[in-house]
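Written out below as C-alpha coordinates is the structure these notes cover.
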Amino acid sequence: MTAVQVGELVADIAREAGDLAKRRRAEGVSLAATKSTLADIVTEADREVEQLIRDRIRTERPDDGFLGEETGAERGASGLTWVVDPIDGTVNYAYGIPTYSVSIAVVEGEPNPESWQGVAAAVCAPGLGELFTAARGEGACLDGVRLSVTTETPAGALLATGFGYDPATHDGDLAMVRQVMPIARDLRRMGSAAIDLAYVAAGRLDGFFERGLNPWDFAAGAILVHEAGGLVSRLELDAPRPMVIAGGPVVHAELQRLIGGAQNNM
Ligand code: IPD
Ligand code: CA
(Lines give C-alpha, C1' and ligand atoms only; values in the text may rest on other atoms or scores of the structure.)
(Ligands and ions follow the chains in the order given, each with its own letter.)
Protein backbone atom coordinates (compact mmCIF):
# COMPACT_ATOMS: atom_id res chain seq x y z
CA MET A 1 0.00 0.00 0.00
CA THR A 2 1.39 3.44 -0.87
CA ALA A 3 1.29 6.38 1.56
CA VAL A 4 -1.49 7.88 -0.55
CA GLN A 5 -3.58 4.71 -0.25
CA VAL A 6 -2.95 4.52 3.50
CA GLY A 7 -3.95 8.20 3.66
CA GLU A 8 -7.24 7.48 1.90
CA LEU A 9 -8.04 4.70 4.37
CA VAL A 10 -7.09 6.87 7.37
CA ALA A 11 -9.33 9.67 6.10
CA ASP A 12 -12.22 7.30 5.49
CA ILE A 13 -11.99 5.78 8.99
CA ALA A 14 -11.60 9.23 10.61
CA ARG A 15 -14.69 10.46 8.75
CA GLU A 16 -16.78 7.49 9.91
CA ALA A 17 -15.47 7.81 13.49
CA GLY A 18 -16.19 11.57 13.43
CA ASP A 19 -19.76 10.93 12.30
CA LEU A 20 -20.26 8.52 15.21
CA ALA A 21 -18.78 10.98 17.73
CA LYS A 22 -21.04 13.76 16.45
CA ARG A 23 -24.13 11.53 16.53
CA ARG A 24 -23.42 10.46 20.12
CA ARG A 25 -22.84 14.08 21.11
CA ALA A 26 -26.26 15.03 19.72
CA GLU A 27 -27.86 12.19 21.72
CA GLY A 28 -26.25 13.42 24.97
CA VAL A 29 -22.90 12.56 26.52
CA SER A 30 -22.46 10.27 29.49
CA LEU A 31 -19.32 10.21 31.54
CA ALA A 32 -17.79 6.72 31.77
CA ALA A 33 -14.97 7.34 34.27
CA THR A 34 -12.26 9.69 35.45
CA LYS A 35 -8.66 8.69 34.71
CA SER A 36 -5.40 10.20 36.02
CA THR A 37 -7.11 13.10 37.85
CA LEU A 38 -10.71 14.34 38.38
CA ALA A 39 -10.37 16.60 35.33
CA ASP A 40 -9.18 13.73 33.11
CA ILE A 41 -12.43 12.19 31.88
CA VAL A 42 -13.49 9.51 29.44
CA THR A 43 -16.99 9.34 27.97
CA GLU A 44 -18.83 6.30 26.65
CA ALA A 45 -18.36 7.85 23.20
CA ASP A 46 -14.53 7.89 23.51
CA ARG A 47 -14.63 4.13 24.06
CA GLU A 48 -17.19 3.40 21.36
CA VAL A 49 -15.36 5.53 18.77
CA GLU A 50 -12.01 3.88 19.54
CA GLN A 51 -13.66 0.46 19.20
CA LEU A 52 -15.07 1.40 15.78
CA ILE A 53 -11.61 2.54 14.61
CA ARG A 54 -9.93 -0.57 16.01
CA ASP A 55 -12.49 -2.89 14.39
CA ARG A 56 -12.02 -1.27 10.99
CA ILE A 57 -8.23 -1.54 11.23
CA ARG A 58 -8.50 -5.18 12.29
CA THR A 59 -10.68 -5.91 9.25
CA GLU A 60 -8.74 -3.91 6.66
CA ARG A 61 -5.12 -3.97 7.96
CA PRO A 62 -4.94 -6.99 10.31
CA ASP A 63 -1.11 -7.02 10.43
CA ASP A 64 -0.72 -3.39 11.54
CA GLY A 65 0.01 -2.41 15.14
CA PHE A 66 -2.23 -0.17 17.26
CA LEU A 67 -1.67 2.46 19.95
CA GLY A 68 -4.87 4.05 21.24
CA GLU A 69 -5.72 6.35 24.13
CA GLU A 70 -8.48 4.17 25.56
CA THR A 71 -7.51 0.58 24.69
CA GLY A 72 -3.71 0.65 24.72
CA ALA A 73 -1.07 -0.89 22.48
CA GLU A 74 -0.82 -4.00 20.34
CA ARG A 75 2.27 -4.72 18.26
CA GLY A 76 1.83 -5.59 14.60
CA ALA A 77 3.89 -7.48 12.04
CA SER A 78 3.72 -5.07 9.08
CA GLY A 79 5.98 -2.31 10.50
CA LEU A 80 3.04 0.16 10.51
CA THR A 81 1.26 1.33 13.66
CA TRP A 82 -2.01 3.26 13.95
CA VAL A 83 -1.85 5.92 16.67
CA VAL A 84 -5.37 6.90 17.66
CA ASP A 85 -7.06 9.46 19.86
CA PRO A 86 -10.78 8.71 19.41
CA ILE A 87 -11.87 12.06 20.84
CA ASP A 88 -9.18 14.68 21.39
CA GLY A 89 -10.74 17.50 23.34
CA THR A 90 -12.92 15.28 25.54
CA VAL A 91 -13.62 18.10 27.99
CA ASN A 92 -14.91 20.31 25.14
CA TYR A 93 -16.96 17.32 23.95
CA ALA A 94 -18.48 16.79 27.39
CA TYR A 95 -19.35 20.51 27.71
CA GLY A 96 -20.87 20.76 24.21
CA ILE A 97 -18.08 22.89 22.72
CA PRO A 98 -17.64 21.78 19.08
CA THR A 99 -13.82 21.96 19.13
CA TYR A 100 -13.04 18.26 19.42
CA SER A 101 -11.55 15.84 16.93
CA VAL A 102 -10.83 12.27 15.95
CA SER A 103 -7.06 12.04 15.48
CA ILE A 104 -5.53 9.12 13.57
CA ALA A 105 -1.92 8.71 12.42
CA VAL A 106 -0.17 5.82 10.70
CA VAL A 107 3.53 5.64 11.51
CA GLU A 108 6.37 3.38 10.41
CA GLY A 109 9.09 1.87 12.63
CA GLU A 110 9.16 1.29 16.37
CA PRO A 111 5.96 2.65 17.95
CA ASN A 112 7.90 5.41 19.69
CA PRO A 113 7.58 9.09 18.74
CA GLU A 114 11.34 9.61 19.12
CA SER A 115 12.03 7.41 16.10
CA TRP A 116 8.86 6.69 14.13
CA GLN A 117 8.30 8.08 10.63
CA GLY A 118 4.91 9.52 9.77
CA VAL A 119 3.13 7.87 6.84
CA ALA A 120 -0.36 9.40 6.82
CA ALA A 121 -2.74 11.28 9.11
CA ALA A 122 -6.27 12.57 9.49
CA VAL A 123 -7.76 14.95 12.03
CA CYS A 124 -11.54 15.04 11.68
CA ALA A 125 -13.39 17.80 13.54
CA PRO A 126 -17.03 16.82 12.97
CA GLY A 127 -18.40 19.60 15.19
CA LEU A 128 -16.64 22.10 12.93
CA GLY A 129 -17.33 20.16 9.71
CA GLU A 130 -13.64 19.92 8.77
CA LEU A 131 -11.30 17.08 7.77
CA PHE A 132 -7.52 17.64 7.72
CA THR A 133 -5.47 14.97 5.92
CA ALA A 134 -1.86 14.29 4.98
CA ALA A 135 0.24 11.59 3.32
CA ARG A 136 4.03 11.40 3.29
CA GLY A 137 5.47 13.48 0.47
CA GLU A 138 2.01 14.53 -0.73
CA GLY A 139 1.37 17.58 1.46
CA ALA A 140 -1.43 18.33 3.90
CA CYS A 141 -4.97 19.28 2.92
CA LEU A 142 -8.15 20.67 4.45
CA ASP A 143 -11.15 19.14 2.71
CA GLY A 144 -8.92 18.50 -0.30
CA VAL A 145 -7.35 21.99 -0.46
CA ARG A 146 -3.54 22.13 0.03
CA LEU A 147 -2.26 23.74 3.26
CA SER A 148 0.92 25.55 4.25
CA VAL A 149 2.26 26.93 7.51
CA THR A 150 2.87 30.66 7.95
CA THR A 151 6.33 32.03 7.30
CA GLU A 152 6.05 35.65 8.46
CA THR A 153 4.64 37.06 11.68
CA PRO A 154 5.12 40.83 11.42
CA ALA A 155 2.59 41.53 14.20
CA GLY A 156 3.90 38.73 16.43
CA ALA A 157 2.94 35.06 16.42
CA LEU A 158 -0.58 33.79 17.08
CA LEU A 159 0.21 30.88 19.38
CA ALA A 160 -1.77 28.09 21.03
CA THR A 161 -1.02 25.98 24.07
CA GLY A 162 -2.68 23.60 26.47
CA PHE A 163 -2.46 22.51 30.09
CA GLY A 164 -2.16 19.06 31.63
CA TYR A 165 -4.93 17.62 33.82
CA ASP A 166 -2.80 17.45 36.97
CA PRO A 167 -3.20 20.71 38.94
CA ALA A 168 0.37 20.26 40.23
CA THR A 169 1.64 21.01 36.72
CA HIS A 170 -0.25 24.28 36.21
CA ASP A 171 2.33 26.61 37.76
CA GLY A 172 5.09 25.24 35.53
CA ASP A 173 2.89 25.46 32.44
CA LEU A 174 1.97 29.07 33.26
CA ALA A 175 5.66 29.89 33.66
CA MET A 176 6.16 28.56 30.11
CA VAL A 177 3.43 30.88 28.87
CA ARG A 178 5.29 33.82 30.43
CA GLN A 179 8.48 32.69 28.71
CA VAL A 180 7.00 32.67 25.19
CA MET A 181 4.71 35.72 25.41
CA PRO A 182 7.42 38.11 24.17
CA ILE A 183 6.96 36.73 20.61
CA ALA A 184 3.15 36.39 20.77
CA ARG A 185 0.54 38.64 19.24
CA ASP A 186 -1.99 36.57 21.22
CA LEU A 187 -2.50 33.13 22.75
CA ARG A 188 -5.29 30.54 22.27
CA ARG A 189 -6.21 27.55 24.47
CA MET A 190 -8.72 25.70 22.35
CA GLY A 191 -8.80 22.33 24.12
CA SER A 192 -7.71 19.86 21.42
CA ALA A 193 -3.99 19.53 20.69
CA ALA A 194 -4.79 17.70 17.43
CA ILE A 195 -6.83 20.70 16.24
CA ASP A 196 -4.13 23.13 17.44
CA LEU A 197 -1.58 21.30 15.27
CA ALA A 198 -3.98 21.06 12.32
CA TYR A 199 -4.45 24.83 12.61
CA VAL A 200 -0.67 25.36 12.56
CA ALA A 201 -0.61 23.29 9.34
CA ALA A 202 -3.42 25.43 7.95
CA GLY A 203 -1.71 28.73 8.81
CA ARG A 204 -4.55 29.60 11.21
CA LEU A 205 -1.98 29.60 14.01
CA ASP A 206 1.71 30.52 13.75
CA GLY A 207 2.87 28.14 16.46
CA PHE A 208 1.96 25.70 19.23
CA PHE A 209 3.63 24.52 22.43
CA GLU A 210 2.48 22.16 25.19
CA ARG A 211 4.16 20.03 27.84
CA GLY A 212 3.14 16.51 28.79
CA LEU A 213 1.20 15.47 25.69
CA ASN A 214 0.72 11.78 24.98
CA PRO A 215 1.74 10.34 21.58
CA TRP A 216 -1.89 10.01 20.43
CA ASP A 217 -2.48 13.74 21.11
CA PHE A 218 0.15 14.90 18.61
CA ALA A 219 0.96 12.00 16.21
CA ALA A 220 -1.49 12.98 13.46
CA GLY A 221 -1.08 16.74 13.96
CA ALA A 222 2.71 16.48 13.69
CA ILE A 223 2.40 14.76 10.29
CA LEU A 224 0.02 17.50 9.13
CA VAL A 225 2.48 20.22 10.19
CA HIS A 226 5.42 18.50 8.48
CA GLU A 227 3.54 18.02 5.25
CA ALA A 228 2.48 21.68 5.36
CA GLY A 229 6.15 22.75 5.48
CA GLY A 230 6.48 23.23 9.24
CA LEU A 231 8.66 21.76 11.98
CA VAL A 232 7.70 19.80 15.10
CA SER A 233 10.07 18.91 17.94
CA ARG A 234 9.97 17.43 21.40
CA LEU A 235 12.09 19.33 23.92
CA GLU A 236 13.34 17.39 26.93
CA LEU A 237 12.79 19.78 29.84
CA ASP A 238 11.70 17.69 32.79
CA ALA A 239 11.87 14.09 31.63
CA PRO A 240 8.33 12.77 32.15
CA ARG A 241 6.70 15.81 30.51
CA PRO A 242 8.51 16.69 27.27
CA MET A 243 7.39 19.86 25.49
CA VAL A 244 6.04 19.62 21.93
CA ILE A 245 6.67 22.73 19.84
CA ALA A 246 5.44 23.31 16.28
CA GLY A 247 5.41 26.10 13.75
CA GLY A 248 6.85 27.44 10.55
CA PRO A 249 10.67 27.45 10.57
CA VAL A 250 11.01 30.93 12.12
CA VAL A 251 8.42 30.57 14.88
CA HIS A 252 9.66 27.04 15.63
CA ALA A 253 13.22 28.39 16.08
CA GLU A 254 11.96 31.20 18.31
CA LEU A 255 9.99 28.80 20.50
CA GLN A 256 13.06 26.58 20.78
CA ARG A 257 15.19 29.59 21.79
CA LEU A 258 12.70 30.84 24.41
CA ILE A 259 11.85 27.45 25.91
CA GLY A 260 15.27 25.75 25.70
CA GLY A 261 15.96 22.09 26.44
CA ALA A 262 17.50 19.32 24.35
CA GLN A 263 15.73 19.03 21.00
CA ASN A 264 14.43 15.85 19.30
CA ASN A 265 13.03 16.64 15.86
CA MET A 266 9.99 14.64 14.87
C1 IPD B 1 -6.27 16.70 25.72
C2 IPD B 1 -6.36 17.79 24.68
C3 IPD B 1 -5.95 19.12 25.26
C4 IPD B 1 -4.57 19.08 25.84
C5 IPD B 1 -4.47 17.95 26.87
C6 IPD B 1 -4.86 16.63 26.24
P7 IPD B 1 -7.95 14.61 25.57
O8 IPD B 1 -6.59 15.43 25.17
O9 IPD B 1 -5.52 17.53 23.57
O10 IPD B 1 -5.95 20.17 24.30
O11 IPD B 1 -4.27 20.31 26.45
O12 IPD B 1 -3.12 17.92 27.31
O13 IPD B 1 -4.78 15.61 27.20
O14 IPD B 1 -7.78 14.19 27.00
O15 IPD B 1 -9.09 15.52 25.37
O16 IPD B 1 -7.93 13.45 24.61
CA1 CA C 1 -5.99 13.74 23.45
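The values are calculated or read from the model by the stated rules, or taken from the named source; none is laboratory data. Since the structure is predicted, the reported quantities are computational estimates derived from the model, not experimental observations. Neighbour counts run over all protein chains shown; Cβ positions are idealised from the backbone, glycine included. Accessible surface is based on the protein model in full, side chains and every heavy atom, while ligands, DNA and RNA are left aside. Shrake-Rupley method; radii C 1.70, N 1.55, O 1.52, S 1.80 Å.
Brief remarks on what is shown
- Residues that are assigned to a helix (DSSP H, G or I), free of Cβ contacts under 8 Å to residues at least 40 places away in the same chain and in contact with a Gly (Cβ under 8 Å, 6 or more places away or on another chain), drawn from the stretch 38-72: Glu50, Arg54
- Filter pass, Val102 being within 16 Å of ligand 1 (Cβ to nearest atom), in the same structural domain as Gly28 (by TED's automatic domain parsing) and out of contact with any Ser or Thr (no Cβ under 8 Å at 6 or more places or on another chain): yes
- Residue check, Pro98 in a loop (DSSP other than H, G, I, E, B) and not hydroxyl-bearing (Ser, Thr, Tyr): yes
- Looking at Val251, Val244, just one residue is buried (at least 18 other Cβ atoms within 10 Å of the Cβ), more than 16 Å from ligand 2 (Cβ to nearest atom) and of a type outside the set (Phe, Trp, Tyr), and that residue is Val251.
- Residue, farthest from ligand 1 (Cβ to nearest atom), within the stretch 214-239, restricted to residues that are of a type in the set (A, V, I, L, M) and open to solvent by 20 Å² or more (accessible area, probe 1.4 Å): Leu231
- Residue match in the stretch 244-263 (condition: touching a strand residue (DSSP E or B) at 6+ places or on another chain (Cβ under 6 Å), farther than 23 Å from Trp82 by Cβ and of a type in the set (Lys, Arg)): no
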